[in-house]
Each structure stands twice: as structure tokens, then as C-alpha cells.
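The values are calculated or read from the model by the stated rules, or taken from the named source; none is laboratory data. In this text the structure is predicted, and so the values were computed from the model without any measurement. Glycine also receives a Cβ, built like all others from the backbone with ideal geometry; neighbour counts cover every protein chain displayed.
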Amino acid sequence: MPEIPSLRLPALHASHSGCWLAAPDGSTRGLSRGEAIMASAETPLLMLNAPLVASRLGYPELSGLDLLELFAFIHPARFMVPTPKGLAHALNLPEPDGEADVPLLLSRAAAALFAHCEADDWAEREGAWSVLQSLARHGWPWAGLLAPHVKRPEKAERWVFAKLPEWEERAPRPQPAQMVLDPDAVADRLEELTGEGAERREGQRDYARAAAHVFGPRRERGQPNMLLAEAGTGVGKTLGYLAPASLWSQQAGGTVWVSTFTKALQRQLRRESRRAWHEDPTRETPAVVVRKGRDNYLCLLNLEDALQGGFSGRPAVFAQLVARWAAFSEDGDMVGGDLPGWLPTLFRRRGLAALTDRRGECVYAGCPHFRKCFIERAARHSAHADLVIANHALVMVHAARAQSGNGHREEGAATRPARIVFDEGHHLFDAADSTFAAQLSGSEAIEMRRWVLGPETGSGKAKSGRRRGLSARLADVASYDEAASKAIADARDAAALLPADGWLGRINEGQPLGPLEDLLAHVRRVTHSRDESASNEAGYGIETEAVELDGPFLEAAATGRDALARLRQPLMRLGARLDALIASDKEDAPDWLDGQTRQRIEGARHALSWRTDTLTGWEALLARMGGPADPDFVDWLAVERAEAREFDIAIHRRWLDPMKPFAVTVLEPAHGVMQTSATLCDRSPVPKDAIGDEGREPDWARAVARSGAGHLDLHPKLAEAASPFDYAAQAEVLIVTDIPRGNIGALAAAYGRLIEQSGGGVLGLFTAIRRLRAVHARIADRLARGGLPLYAQHVDPIDTGTLVDIFRDDPRASLLGTDALRDGVDVPGESLRLVVMEQVPWPKPSILHRARRAAHAAQFEAPRQQFDDAIVRARLAQAFGRLIRSRGDRGHFVVLSAAFPSRLLSAFPAGTPIHRLTLDEALQRLGSRVFCESTGQNTEEQKG
């Protein structure tokens with residue numbers, strides 16, 4: 001084998017098992033962590049994922065020549081697992097035989113990347129030289145080394161904004177044809193999508209035929225065709241509903257929205273949709289469009305500000321690399337799109353929020369990049385798409401804006417979701433709960449202040465740049481229009497009464513400034529005075545009901561409400577004045593109202609509507625303080641804490657049943673709605689003689705109640721497709737009975753032994769971050785020395801999606817995490833063969849939970865415990881669903897809880913063997929990897 005060239009620079013690799021340094025001559029030696037830190041301080045070292053290396057060394061200030069940054073420059077918008085193995089595969093280099101060989105790989109990888117810059121087939125060459133010059137000015141460590149390898153182009157390179165294509169306005173899409181899908185045609189389309197020779201699954205065919213129901217003509221206004229469909233893991237529900245969806249969109253000429261809860265499923269849907277909608281070069285707009293909230297996309301105006309001096313230091317380097325990516329990105333999605341998830345973490349995520357529109361400052365048509373905006377392009381493409389892939393929150397917000405008429409005019413009723421498939425439907429209730437919630441908090445109030453006044457520096461003067469406040473954004477309008485100028489001045493005076501920088505410190509010191517800070521101080525006082533959570537784990541926030549409030553609190557609430565009204569009123573006057581200017585004919589318009597100014601006013605008007613709606617909601621929230629209880633809502637006061645440190649104070653309001661506004665906003669205007677999941681129904685245990693051997697049946701009554709159908713007097717069609725997997729032969733549930741609750745040492749020892757016995761491939765799920773960190777700290781080094789790398793959420797400086805990618809790519813790796821890993825993680829095969837839960841995932845006993853539990857008990861005339869049990873069974877079912885993803889999977893599901901109630905066992909699929917045993921006995925079963933023959937029923941073996 002020919003010798004692979006290396007870059008003659010020292011390279012460092014550090015993991016939980018040790019540190020290794022390669023000298024420029026290629027020789028490698030092991031060294032201590034202290035020696036590694038000293039070496040990195042003396043000279044720039046090659047390394048892979050500097051923040052992770054810094055974490056392993058316990059030296060946060062570590063920096064060097066990070067191969068990930070170099071890869072992001074040379075191959076923007078290209079996926080790579082950020083590990084030595086992933087780097088080797090991405091560059092077609094041999095995998096390192098062991099960790100001691102990683103430094104040499106880094107040297108070879110750097111040389112390979114440099115060589116690629118000199119190759120004629122470098123696909124991402126355009127713009128590289130110009131960006132590299134900018135990176136050199138910002139002190140990027142790679143710039144000097146890379147410069148000789150990036151040839152200066154003969155012609156001046158275009159700026160990134162000049163490279164992006166413009167979207168075009170198109171005539172509105174006509175209404176879809178009214179039709180009923182032929183069940184046989186649906187089955188034929190499904191067979192086409194699954195591919196010739198694929199195994200025929202009757203459950204999937206029945207599921208697809210049932211899904212066709214939502215695409216038929218609506219019989220009455222406000223009464224959509226509705227289907228609730230539960231499909232067990234392995235049924236193939238994605239293609240099951242894409243079959244009728246694609247058939248209907250093709251024949252009727254309409255748009256189908258598919259909504260998910262996790263970004264992982266969005267990516268899967270994008271891949272699966274290519275089977276149904278092939279690339280058509282004659283089509284003017286794409287058939288499939290992914291839609292997300294505005295804060296997911298790169299804002300080109302923010303990027304321009306960053307590139308022209310708005311950023312400095314490391315954030316400026318990040319902005320330049322994002323500019324490289326933007327020129328090659330498919331859709332500009334910075335969160336879950338083709339921007340590598342690990343790139344923002346290399347910069348500690350500094351600058352990421354500033355490059356998206358998270359503060360509602362978009363000026364829409366007034367933006368110089370409006371015609372190239374990624375968000376606007378996706379919005380217009382979705383109006384003409386056959387399939388729009390979105391998320392639950394976006395669908396609800398989109399429907400609400402279309403209903404109220406406050407939506408951006410290009411995103412209005414023409415693209416209102418009319419036929420919707422809600423995948424991961426078990427999350428729909430929680431998504432609605434968050435979407436239709438209201439809260440007045442210190443952090444949100446200070447954002448409102450900054451939106452009006454602009455950010456403040458220590459001198460009290462507004463910063464330069466785009467984020468200069470409302471008056472700066474409308475300065476030209478104010479200079480010409482007296483009414484608008486007066487409204488802006490009044491709004492500025494009122495906004496000065498909102499919380500300012502340092503508000504939380506002043507409240508803690510008993511020196512609040514202004515009526516809103518005073519109100520928040522009273523919220524903190526009342527919450528602390530009523531707190532009975534001394535036994536709670538450190539770090540949890542505290543809360544109390546917003547009832548029986550004393551006189552000083554009510555007086556502060558009234559004063560705070562007046563202050564909010566004082567801000568809302570001039571903003572509404574300003575909005576009315578801007579409306580009048582926009583509506584004026586060209587003949588009647590002022591001379592200064594040219595086309596560009598009119599566009600900027602349209603953008604400002606949209607943001608004003610959003611802000612005035614927020615203020616109205618806050619006022620309504622305060623108006624209810626001290627008044628009679630509203631049975632539709634739950635109100636409470638809270639002091640938010642993280643690791644015993646207070647970071648916010650808030651007044652919260654939630655709907656007791658958030659599916660009530662969901663029904664009015666989303667269901668009522670729709671023509672067809674499908675809610676589907678593998679765990680849509682609870683399966684509570686019932687007497688065996690009532691239904692047969694399995695001892696369980698789907699609780700459709702609860703599923704219907706949580707769907708929102710009852711609020712419209714709808715009677716949805718119900719469908720069920722059982723999983724095709726043989727769980728008796730593929731899985732076991734092991735309930736370990738001898739791990740003392742609260743004993744971190746015993747818990748960590750159990751996790752360590754289970755991971756060692758399994759040889760990695762373990763997904764560990766925790767209900768508390770504190771315990772996750774404690775367990776990881778005790779076992780990570782020992783496991784790594786045995787060749788079993790351990791990664792963890794909330795410990796490793798890596799985003800969750802990338803952690804899952806790393807876990808999936810290495811069968812000997814294990815991953816610890818919390819709720820985000822319990823749902824939506826798809827890791828089939830040997831990489832995931834053991835799921836371990838550290839205890840029963842009981843719901844947090846919050847005020848909101850208590851209210852909903854009481855309402856559920858009254859509605860169904862059932863014990864309150866049933867509400868908690870249903871939540872736990874759903875969580876267990878979702879966690880178990882991570883284990884068996886294909887017919888070839890085998891694995892164990894372990895719960896480290898002696899007090900696991902038998903009534904929760906129905907969460908697991910019928911036929912799954914269940915054993916209660918000691919940790920030693922569980923380790924023996926893991927070692928044998930012998931599963932029972934299929935029996936078709938659950939078994940529970942009692943021991944000890």
C-alpha cells in the first residue's frame with residue numbers, strides 16, 4: 001500500500017482513556033492530561049473537535065487547528081460524523097486501528113484536505129479564496145496554512161448573496177379537485193413505493209387504505225374527515241400514509257401537509273418522499289418542501305451585518321464559515337438541515353442565534369435580500385408543493401395566523417393547511433400546550449423593551465447595526481409623518497418602563513426599577529414564601545398557584561397592566577397609521593413614500609401585529625390576577641432555576657385542555673386530518689377474561705379526547721395496525737430489583753457493568769440531568785479504557801443530533817440522555833441492542849399536572865392514578881420502541897427499579913418476556929443473548 005502523505009504538524013488526540021501526541025516526524029507517544037495542556041499552549045496542534053478535546057482535558061480555553069473547521073470550509077453543506085472513524089470515511093482514508101493511531105490520521109486528513117483544494121474537481125471551489133482572505137483578517141488559525149493551496153481565481157468572485165437564486169411570484173394554485181380515492185389504487189401505489197420484490201405487509205396495506213379517508217370531500221363546514229390510526233413499530237406507517245397522499249396530490253392537484261414532532265422524522269420523511277415524488281426538471285417549483293419556524297433559517301440580512309463588522313473574534317470566523325455554507329445549502333436550514341450540527345458547537349454556539357430571525361425583526365419586502373430569502377422561498381414553494389413537511393408547532397401557528405388574518409400576506413390563507421397528517425401524534429397534546437400558552441416573564445419583557453428601544457451598552461447608548469430599535473428602523477417614516485413620529489416617541493417612553501439589563505440582580509437585591517420589575521419582585525416574593533419543595537432535587541424551579549394573592553401583589557399587577565397598556569396603545573396607533581400609508585393610492589401617497597419605503601413599512605406592520613398581540617395577552621393575564629377562577633385555564637407563578645441558580649421569573653397561563661384552541665384553529669378549517677403514532681393509545685391492563693389472553697386493549701376514548709375531536713363533536717374513524725415483529729423472540733424486558741433508589745454509586749456501577757456486558761450499544765435514559773452527569777463522571781474513563789466510548793447529553797459539547805449520529809456509527813459506543821432521546825431516535829441494528837432506564841419515568845408533580853389529573857378523573861370517572869399511569873406507559877412504550885427497529889434486531893430493555901408496578905407492564909408489546917431479577921441475573925441474560933420462543937403473550941417472572 002503506498003504511503004499516505006501527512007501534514008508535518010503535531011497532532012493531539014484526547015479521550016476518556018488517555019492522550020496521545022504525534023510529532024511532526026510521525027512518531028506518536030502517550031502523555032498525561034497536564035502534558036497535553038502544556039503542549040497545546042506552546043504550539044498550535046491538529047485536533048478533531050476542539051471543544052470535545054477541551055472537555056476531555058478539563059481545560060475549557062483549549063484551542064488549536066480543528067479538522068472540523070477545515071472540513072466545513074472545504075466541504076460546506078456536506079455530512080460527516082465528527083469522529084476519527086467518520087473523518088476517515090469522509091476522506092477515504094484507512095480507519096485508525098486504535099486511539100494511539102488517531103493523531104497520525106489527523107495529519108493525513110489535513111494533508112488530504114489541502115490536496116483536495118488543489119484538485120481540479122473541487123466542487124465547492126467558488127467563493128473559497130474570498131472567504132479565506134476574510135478568515136485571515138479575523139485570525140483563523142488555518143488561514144496561513146491553507147493559503148498556498150487555494151488558488152486565486154482569475155475573475156473576481158461573487159459575494160455569497162449574488163450567488164443565491166431568486167424566487168419568483170406565481171399565480172395562486174387552484175382549488176384541488178374533489179374526489180374519493182380508490183382503495184385498490186392506494187394499495188397499488190403503496191406497492192410501487194415499497195418496491196418490487198418487497199415483503200407484502202397486510203397491516204401496512206390496511207393502514208394505507210384507512211389513511212385514504214382523510215382525502216375525501218368534506219361533508220360539512222367545520223367537520224373535517226378525521227382518522228386516528230395507531231401503527232406499531234415496523235408497520236411502515238410513513239409509506240403507509242404517503243401512498244394515499246401522493247396519489248391524491250397527483251390526481252386532485254392539492255397540497256398535503258405532514259407534521260412531525262422531531263427533526264429526525266422530518267429528515268426521514270424527506271428521504272422517503274423521494275420514492276413518491278421523483279425529481280422533475282420540468283417542474284418550476286419543488287414537489288416536496290420542508291417548512292420550519294423562522295428561527296431555524298439563516299437570515300441573510302443578519303449574515304450581511306455579521307460579515308460587515310457586526311461580529312468579531314470567533315463569532316466572526318463562524319459567520320464566514322456560514323457564508324461558505326449558505327452558497328451551497330439546499331434550503332438555508334441551520335437547525336437540522338444541511339448545516340453540520342457540530343459546526344455551531346465548535347464556537348460554543350456563539351453567533352448562531354444572531355444569524356437567525358429570533359426577535360421578530362424581519363423587515364420582509366424592505367430587506368435587500370428579500371427576493372433570495374430562504375424563508376420566503378420555502379413559504380412560496382409550499383403554496384405550490386404536493387407535500388409540505390412541517391412540525392406541529394409551525395402548523396398550529398400557521399393556521400392561527402391564517403385564521404386571524406395577521407399572517408404575512410404571502411404566507412396567508414392560500415397556504416393554510418387543509419389536509420394534514422400529524423405523525424408522532426402522541427406529541428400533539430404537548431405541542432398544542434406549548435403553542436397556545438401565555439407567559440409574562442422577565443426574559444420576554446426585556447426582549448420587548450429591546451425590540452422598541454434597541455440593545456443597550458454600558459453607556460446607555462444603542463448599538464449600531466440593524467438591531468437599533470423601532471424608531472431607528474422607521475426613522476425616515478417618523479421624520480416625514482407627524483402621527484407616526486408621535487406614536488413612536490410614546491412607545492419609546494412606555495418601553496423604558498419595562499425590565500432593563502440587570503433586572504434580575506436588582507430584584508434579588510430588593511431594588512427593582514419600574515412597574516414590571518416591581519411586579520416580578522412580588523412574583524418572586526410570593527413564590528418563595530409559599531415554597532414547600534425543600535425536598536426537591538436541587539436545580540428545579542419553584543412555583544405556586546396564582547390564587548389568594550395579597551394586596552401588594554394585586555396592586556403591582558394592576559400597575560404593571562397599566563404600563564403594558566401604555567406601550568400597546570401607541571403601537572396600535574402606529575400600526576393604524578402604517579396601514580393608512582400602505583393603503584393610500586399612488587396619487588394620494590406622500591412624495592417620500594417610494595416603493596422601497598412602502599415595502600419596509602409592510603414588514604414593520606407585520607412585526608407590530610405580533611408585538612401588540614403579545615401585549616394584549618399579557619394584559620389579559622394580569623387582569624385575571626385576583627379575579628374568579630376560569631375553568632378553561634391554569635395560572636401559576638414561577639421562579640425558574642437551573643442548578644440552584646435563578647435565571648427567570650414568570651407568570652404562566654396554560655389551557656386546561658389545549659386541544660380546545662387546537663380544534664378551533666387547526667381542525668375546524670381543515671378538510672382532512674390524520675393523527676398517527678405507534679403509541680397513540682394507552683393500553684391499560686383489564687381483566688383477562690374480558691378480552692382474552694393479552695390482558696389489554698387500546699384506550700380509544702382517551703385518544704379521542706386528546707385529539708381535539710370532541711370539541712367539534714367529531715367522531716373520528718379509528719384504525720389499528722399491529723407491529724409485525726416477534727417480540728418474544730427479539731426482545732426481553734428485565735426489571736432489576738436490587739439497585740437502591742437514590743444510591744448514585746450503585747446506579748453508576750449498574751450502568752457500567754451493563755455497558756461492559758453488552759459491549760457497548762447501550763442507550764441510557766435518565767429522568768434527571770444531575771443523575772446523568774453523576775453516572776457519566778463515575779464510569780466514562782473506565783469504560784473508555786476498555787474500548788467502550790461513552791457519550792452524554794448535557795455533558796459533551798455536542799448537539800443531540802450529532803450525538804445520535806456518533807452513536808449510530810459505532811457499535812461499541814454508548815449514549816446517555818434524557819427525554820430528547822426517548823422519542824424519535826432511529827438506530828437499527830447492532831449499534832443499539834440495550835436500552836436502560838434508571839427509574840420509572842413518573843411525571844413531574846407540577847401545578848399544571850395536578851389540575852389536568854383532576855380534570856381527567858372527573859371526565860372519565862376514574863382514579864387520579866390512572867392519569868399518571870397512562871403518561872408513564874406512553875413514555876415506556878416510546879423508550880422501548882427505540883430497541884427493535886427491524887426484523888433483524890435483538891435486544892434487552894432494562895429498568896433499574898425495584899418498585900416497578902405491574903400495572904405498567906402493559907406498556908410493552910404483547911408477547912414480550914418480562915422478568916424481575918437481580919442485577920447479576922440480568923447480566924447473565926445479557927451475556928447469553930438467548931430469547932424465548934414466540935408465545936404470543938407477556939410473561940412476568942417473579943424472583944427473590
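Observations on the structure shown:
- Within the range 721-737, the set of residues being modelled with pLDDT of 95 or more and of a type in the set (Asp, Glu) comprises Glu732 only.
- Residue count for the range 166-189 under the criterion of being touching a Lys or Arg at 6+ places or on another chain (Cβ under 6 Å) and part of a helix (DSSP H, G or I): the result is 3.
- If you go through the range 5-21 and keep only what is in a loop (DSSP other than H, G, I, E, B) and under 17 Å from Ala109 (Cβ atoms), you end up with Pro5, Ser6, Leu7, Arg8, Leu9, Pro10.
- Considering Phe880, Phe867, the condition of being part of a helix (DSSP H, G or I) and in contact (Cβ under 8 Å) with a residue 40 or more places away in the chain is satisfied by Phe880 alone.
- Filtered residues of the range 821-850 (kept if of a type in the set (Gly, Ala, Ser), buried (at least 17 other Cβ atoms within 10 Å of the Cβ) and either under 23 Å from Val704 (Cα atoms) or at pLDDT below 90 (or both)): Gly824
- In the range 183-202, the residues that are among the charged types (D, E, K, R) and more than 18 Å from Glu720 (Cβ to Cβ): Asp184, Asp188, Arg189, Glu191, Glu192, Glu196, Glu199, Arg200
- Any hit, the range 384-404, residues being at pLDDT below 90, aliphatic (A, V, I, L, M), under 21 Å from the mean Cα position of the chain (by Cα) and over 26 Å from Arg600 (Cβ atoms): yes
- Residues in the range 8-30 that are more than 19 Å from Pro789 (Cα to Cα) and touching a strand residue (DSSP E or B) at 6+ places or on another chain (Cβ under 7 Å): Leu9, Pro10, Ala11, Leu21, Ala22, Thr28, Arg29.
- For the range 869-884, the set of residues classified as charged (D, E, K, R) and touching a Pro at 6+ places or on another chain (Cβ under 6 Å) consists of Arg875 only.
- Selection within the range 883-929 - assigned to a loop (DSSP other than H, G, I, E, B), crowded, with 19+ Cβ neighbours inside 10 Å and in contact with a Phe, Trp or Tyr (Cβ under 7 Å, 6 or more places away or on another chain): Leu883, Ile884, Phe908, Pro909, Gly911, Thr912
- Applying the set (1) closer than 29 Å to Arg850 by Cα; (2) without any contact (Cβ under 8 Å) to a residue 60 or more places away in the chain; (3) among the hydroxyl-bearing types (Ser, Thr, Tyr) to Ser906 leaves exactly one unmet item: (2).
- Pairs where the first residue, in the range 609-628, is assigned to a helix (DSSP H, G or I) and the second is exposed (fewer than 14 other Cβ atoms within 10 Å of the Cβ) and not acidic (Asp, Glu), C-beta under 9 Å, 6+ apart: Ser609/Ser404; Asp613/Ser404
- Conditions (1) small (Gly, Ala, Ser); (2) part of a helix (DSSP H, G or I); (3) in contact (Cβ under 8 Å) with a residue 40 or more places away in the chain; (4) closer than 30 Å to Asp781 by Cβ; number of the one not met by Ala701: (4)
- Options Leu67, Leu52, Leu45; residue that is out of contact with any His (no Cβ under 9 Å at 6 or more places or on another chain), crowded, with 22+ Cβ neighbours inside 10 Å and closer than 14 Å to Pro797 by Cβ: Leu52
- Single residue of the range 92-124 satisfying the filter (among the charged types (D, E, K, R) and touching a residue at least 24 places away in the same chain (Cβ under 8 Å)) that is nearest to Gly310 (Cα to Cα): Glu124
- The residue that is nearest to Trp325 (Cα to Cα), counting only those in the range 350-378 that are among the aliphatic types (A, V, I, L, M) and at pLDDT 90 or above, is Leu355.
- Considering residues of the range 693-742 that are touching a strand residue (DSSP E or B) at 6+ places or on another chain (Cβ under 7 Å) and polar (S, T, N, Q) only, the residue farthest from Ala922 (Cα to Cα): Ser707
- Among (1) among the aliphatic types (A, V, I, L, M); (2) modelled with pLDDT under 95; (3) under 27 Å from the mean Cα position of the chain (by Cα) - the single one Ala777 does not satisfy: (2)
- The set of residues from the range 900-944 being farther than 19 Å from Ala874 by Cβ, at pLDDT 90 or above and aliphatic (A, V, I, L, M) comprises Leu917, Leu919, Ala922, Leu923, Leu926.
- On the stretch given as the range 164-200, residues that are farther than 25 Å from Gln250 by Cα, loosely packed, with under 15 Cβ neighbours inside 10 Å and not acidic (Asp, Glu) total 1.
- Scanning the range 182-226 for residues being of a type in the set (A, V, I, L, M, F, W, C) and either touching a strand residue (DSSP E or B) at 6+ places or on another chain (Cβ under 8 Å) or within 17 Å of Glu668 (Cα to Cα) (or both) gives a total of 5.
- Only residues that are outside any strand (DSSP E or B) and under 19 Å from Ile507 (Cα atoms) were counted across the range 633-654, and they come to 1.
- Scanning the range 719-753 for residues that are part of a helix (DSSP H, G or I) and touching a helix residue (DSSP H, G or I) at 6+ places or on another chain (Cβ under 7 Å) returns Ile744, Leu747, Ala748, Ala750, Tyr751, Gly752, Arg753.
- Met38 passes every criterion in (1) part of a helix (DSSP H, G or I); (2) modelled with pLDDT of 95 or more apart from (2).
- Residue match in the range 567-586 (condition: at pLDDT below 95 and among the hydroxyl-bearing types (Ser, Thr, Tyr)): yes
- Within the set Arg125, Arg152, Arg137, the sole residue that is over 16 Å from Leu67 (Cα atoms), surrounded by fewer than 12 Cβ atoms within 10 Å (Cβ to Cβ), within 36 Å of the chain's Cα centre (by Cα) and among the charged types (D, E, K, R) turns out to be Arg137.
- Filter result for Ser897 (touching a residue at least 40 places away in the same chain (Cβ under 8 Å), assigned by TED's automatic domain parsing to the domain that holds Tyr751, among the hydroxyl-bearing types (Ser, Thr, Tyr) and touching a Lys or Arg at 6+ places or on another chain (Cβ under 9 Å)): yes
- Restricting attention to the range 743-762, the residues that are small (Gly, Ala, Ser) and either at pLDDT below 95 or closer than 17 Å to Arg925 by Cβ (or both) total 4.
- Against the test of being buried (at least 19 other Cβ atoms within 10 Å of the Cβ), over 23 Å from Arg882 (Cα atoms) and not polar (S, T, N, Q), the options Ile806, Ile779 yield a single qualifying residue, Ile779.
- So Leu105, is it closer than 30 Å to Gly18 by Cβ and buried (at least 16 other Cβ atoms within 10 Å of the Cβ): yes
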